[in-house]
Amino acid sequence: MNPSGQIRGVIAAVALLLVAGIAGVVLLGSPTTTGGPTSLWATIEDVARRWPEVGHIAPAQVARLADDRKVVIFDVRQDTEYAVSHLPGTILVKPGTSRAAFLDLYGNDVKGKSVVFYCSVGVRSSTLASKVSRDLKARGAVAVDDLSGGIFAWHGEGLPLVDAKGPTEFVHPFDGSWGGLVSRQDSVRTKPGS
């Protein structure tokens, strides 16, 4: 084969791999590349892969820690999401909170405790957890983890949620695309009590 034929062959092979890779991404539904998730499970795997330095623990494990009161849980969502529902006893922290601001506010409350962050599915919470994990462990935190699957997984397992009035079955969808991951669509709400 002449050199130009070899080059065309390489270009064709690269093009085929590129098309196969794009098709694979679409089928797997990576929320960061397709614009929207296809399943909560695929999203959980994507979050764990993107933030390997953060532990990712199941809702049942977080519930056990909360029962033993050996945990501080941070909700990394917006006020409107939190108002619809949140895990009992959680502390609301704005997404995008700086490392320094977070440590100033909460760095002294973690000694001897596990720290768990959550949001809708784990993207915002893993981002914050990765920023502060090393500092929290240096201040005595036993572990720093993200709630695997976020509040959507918690809600899907039927674990308790509360709003300002008490227990609730509702969960905020974040948006139309991500909200499709909520397993019980009849309990999606964008406003408290609506």
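Tabulated data for the structure shown
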| item | result |
| --- | --- |
| Those residues of the stretch 167-180 which are modelled with pLDDT of 95 or more and not in a loop (DSSP other than H, G, I, E, B), in sequence order | PRO167, THR168, VAL171 |
| Contacts under 6 angstrom Cβ, first residue in the stretch 127-144 being touching a residue at least 60 places away in the same chain (Cβ under 8 Å), partner in a helix (DSSP H, G or I), 6 or more apart | VAL144/ALA129; VAL144/SER133; VAL144/LEU136 |
| Qualifying residue in the stretch 117-124 (condition: among the small types (Gly, Ala, Ser) and under 11 Å from the mean Cα position of the chain (by Cα)) | yes |
| The listed residue being in contact (Cβ under 8 Å) with a residue 12 or more places away in the chain, over 22 Å from VAL188 (Cα atoms) and either crowded, with 22+ Cβ neighbours inside 10 Å or of a type outside the set (Ser, Thr, Tyr) (or both), out of GLY156, GLY107, GLY149, GLY122 | GLY107 |
| In the stretch 78-102, residue surrounded by the most Cβ atoms within 10 Å (Cβ to Cβ) [restricted to those that are more than 20 Å from THR168 (Cβ to Cβ) and not hydroxyl-bearing (Ser, Thr, Tyr)] | VAL93 |
| The stretch 165-176 - residue that is closer than 17 Å to ALA153 by Cβ and not β-branched (Val, Ile, Thr) and, of those, surrounded by the fewest Cβ atoms within 10 Å (Cβ to Cβ) | GLU169 |
| Output for the stretch 103-146, where each listed residue is within 20 Å of ALA42 (Cβ to Cβ), touching a helix residue (DSSP H, G or I) at 6+ places or on another chain (Cβ under 8 Å) and not acidic (Asp, Glu) | TYR118, CYS119, SER120, VAL121, GLY122, VAL123, SER125, SER126 |
| Residue that is among the hydrophobic types (A, V, I, L, M, F, W, C) and in contact with a Phe, Trp or Tyr (Cβ under 6 Å, 6 or more places away or on another chain), where the choices are LEU105, LEU87, LEU147 | LEU147 |
| Complete set of residues in the stretch 57-77 that are surrounded by fewer than 16 Cβ atoms within 10 Å (Cβ to Cβ) and touching a Lys or Arg at 6+ places or on another chain (Cβ under 8 Å) | LYS70 |
| Top-ranked residue of the stretch 43-80 - restricted to ones that are in contact with a Pro (Cβ under 8 Å, 6 or more places away or on another chain) and without any contact (Cβ under 8 Å) to a residue 24 or more places away in the chain, ranked as nearest to LEU103 (Cα to Cα) | GLN78 |
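The values are calculated or read from the model by the stated rules, or taken from the named source; none is laboratory data. This structure is a prediction, so every number in the text was calculated from the model and none was measured. No Cβ is skipped: glycine too gets one built from the backbone with ideal geometry, and neighbour counts run over all protein chains shown.
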